[in-house]
1. Per the Debye formula with a single identical scatterer at each Cα and no solvent contribution, what log10 I(q)/I(0) holds for segment B:237-296 at q = 0.15, 0.18, 0.23 Å⁻¹?
2. Just tell me how shielded A:184-197 is by partners: mean number of partner chain Cβ atoms within 10 Å of each residue's Cβ, no decimals.
3. Please get the size of the charge dipole for the protein assembly as shown, origin at its Cα centre, with Cβ charges of +1 on Lys and Arg and -1 on Asp and Glu, quoted in debye to the nearest 20.
4. Rounded to the nearest 5, what is the percent of antiparallel bridges among the DSSP beta bridges in the protein assembly as shown?
5. Compute a Gaussian network model of chain B, connecting alpha carbons closer than 10 Å, and tell me which residue from B:G285, B:G133, B:G36 fluctuates the most.
6. To one decimal in nm, how far is A:H223 from the same spot in the other copies, if labels go 7 Å from Cα toward Cβ? Please give the shortest first.
7. Enumerate the amide H contacts of B:D266 below 5 Å, restricted to partners 5 or more residues apart or on another chain; note that Pro and chain-start residues carry no placed amide H.
8. Longest exposed-loop-site-free stretch of chain B, with trypsin sites (Lys or Arg not before Pro), DSSP loop and at most 11 other Cβ within 10 Å?
There are 2 protein chains.
Amino acid sequence: MANQIKKFNSKERTTIECIQSPDEMQNHSKTLRAAGETVALVPTMGYFHEGHLSLMHKGRAQCSRVAVSIFVNPTQFGPNEDFKTYPRDLTRDLNLAREAGVDIVFTPRAEDMYPAGFQTEISLQRLPKHLCGLSRPTHFAGVATVVTKLLNIVQPHCAIFGRKDYQQLTVIRQMVSDLNMDVTIIDAPTVREADGLAMSSRNTGLSAGQRHSALCLYQALLHARNMASGGVSDSGEIIAAAREIITAAPETEIDYIAVVDPQTLDDMSQLVGPARMALAVQVGGVRLIDNMLLTP
Amino acid sequence: MANQIKKFNSKERTTIECIQSPDEMQNHSKTLRAAGETVALVPTMGYFHEGHLSLMHKGRAQCSRVAVSIFVNPTQFGPNEDFKTYPRDLTRDLNLAREAGVDIVFTPRAEDMYPAGFQTEISLQRLPKHLCGLSRPTHFAGVATVVTKLLNIVQPHCAIFGRKDYQQLTVIRQMVSDLNMDVTIIDAPTVREADGLAMSSRNTGLSAGQRHSALCLYQALLHARNMASGGVSDSGEIIAAAREIITAAPETEIDYIAVVDPQTLDDMSQLVGPARMALAVQVGGVRLIDNMLLTP
C-alpha cells in the first residue's frame, strides 16, 4: 500500500498533509488523538465550491485539526450515472483546502478502499426508500458503507455534512445512532449562489441557458415556503405549485417533488408541523437536488 | 436509559463492574483508554462454559482490562430457531467471569440495542453463502451488525472469538478489514470435553443418549483428519466417510458436511493445501457445529 505524504507550504498554516494510504491516515489520526488534538472530518468528493469551504470552516471552529477526504466513491453511483464525468481537480482542491485552514487532505485510491475480496455493505431499511433512493436504489448503501470506512479510518470527533444532501444527512445520522458510532454528526446550511441556486460540483455541467433554468428549483422551494407560512397546509397543493414553476423552466425533467417528515422522510400529506420539502430535477443532463424547511 | 452499575466483590480482582447501558459502557471504556489502559472484549451470549473462560483468559493475557458482553442477540436467530430456549443464567455467569479475572460485564437490554426506528444492517456478499449461512440465511447479518455495535460501544483494542464458530470468525475478520475497524481480532482454539465433544452452551439441551451420540461430530472430524494426513486428497471421499460415521449415530440429522478453503469458505474438491472441514448436525433437536483443519 502506498505510504505517500506530501507537504505543501501555506501562508495560513505551516503545512497541509496529503495522505493517500488508509493505514497511514488511521495511524496519523491516532497519533493526533493521543496528543490531545481533536479532529473534524469533512467527507467530500472534491471539486470544491463555497459549500465545501463552509464545512471546512465549521470543522475549524469545532476541532483543533481538520481533515478533508476527497474520494469520488464508485459504489454510490449507479450504472448509468455520472461517475466517470464527475468533475475532478485535485491541485485546485488542495490549494482551496489549504486556504481554508485544513490540516490534512485524505485522498484514498479506489483499489485501497475496495481491495480484492471486499464484500461488506451497510444498508438501511426505510430511509433510502424515499426521495433520491427511489431512482438511485443502491446509492445510500454506497454512501453508508464509504462513510463508515472514512469514519473508521480518520476516527474524527466530529464529521460535518451539508444540509443540501438532506437525505444523506438523515441516513448518516440514523446509521451513526444505530451502530453506536462514537462521532458527532454536525450539519451545515446549504450555501447558495447570489441568485439562490444551491452550490454543487455538478453545476459546472450546466450550459448558460441551463444555469438560468436551474434557478427554478430554488424558486419552487421559496414559493412553497411562502405558501406554507401563508397558511396552505395541503401538501398536494404546494407540490402542484412547485411542479408548475419547474415545468415552466426550459430543459427540466422532474425526478420527484416531495414534502416529508424531517426525521422519517415519510410523505406528509398535511403540514401538521415543520416539514422538509425536497426535490430532484434533471436540467439538461445534470441531476440537481435541493430542499427547504416548510413551517406552517 | 438505565444507568446501572453493580459492583461485586471478588477474591481475584477488587471489583467486577456490571454495566447495562450502552452509553455508560462506551463512556467507561473511553475513560479507561484515556487513562492508558488497554481493553479486550469477549463477546458472548452467556451461559459460560470452559470455552468462554479460555477466551477471557486470552483477553487477560492481551490487555490490562477485560470486558465480556453477554447478549442473546435476537437478530441472529431465525424465526424457527432457539432464541427463546437458549440457556441463560446471569448470576452464574457473573461469578464465573469474576473468577476468570474479568473486569467488566456488559449486559445490554435488547430495547437499548435495537430501539424504535432501528434500521441499519451490515451484510457480507459471499462468506455467508456457505456452510451455516445456507440454512440460516439471516444469521450472519445479525452477527455482523451486533458485533459492530459491541465494538463501537466497548471500543476494545482487541476482541476474541472462538474457532468453534469458524464461519463467524471469518465473517468478522472480513468485516473488520473491509470497514477499516481499528481492532485486532484474535481467535482461540475450540475447547473440548474429555471425550472430544466441542463445548457449547447448547450441549445442555442434550439427553444422556443424545450426548453420547453427539460425539460422532468429533469422531467424523478426527477420521477425516487422519484420511487427509494419510494421503486421501479427494474431498468427496473424506466427506462420505464422515457422513457414514454420523449417520450411524442415533438421532442425528446432517445439515452439512463440507471441506472448504479456510479463507473464502469455497468448497475444495481436492486437498491441494490446508482445508477446513466443517459440519453441522442436529442431534435430537439440538443443532451442533464443529470444524477441524485438514492438512494433506
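1. Result of the Debye calculation: -0.45, -0.62, -0.91.
2. 0
3. Charge dipole of the protein assembly as shown: 1200 debye, to the nearest 20.
4. 60 percent
5. Of B:G285, B:G133, B:G36, the most mobile in the Gaussian network model is B:G36.
6. 7.9
7. B:D261
8. B:85-296
Read-outs: derived from the displayed coordinates by stated rules, not from any lab. Since we're looking at a predicted model, the values are computed, not measured. Every residue, glycine among them, receives a Cβ derived from its backbone with ideal geometry; neighbour counts consider all protein chains shown.
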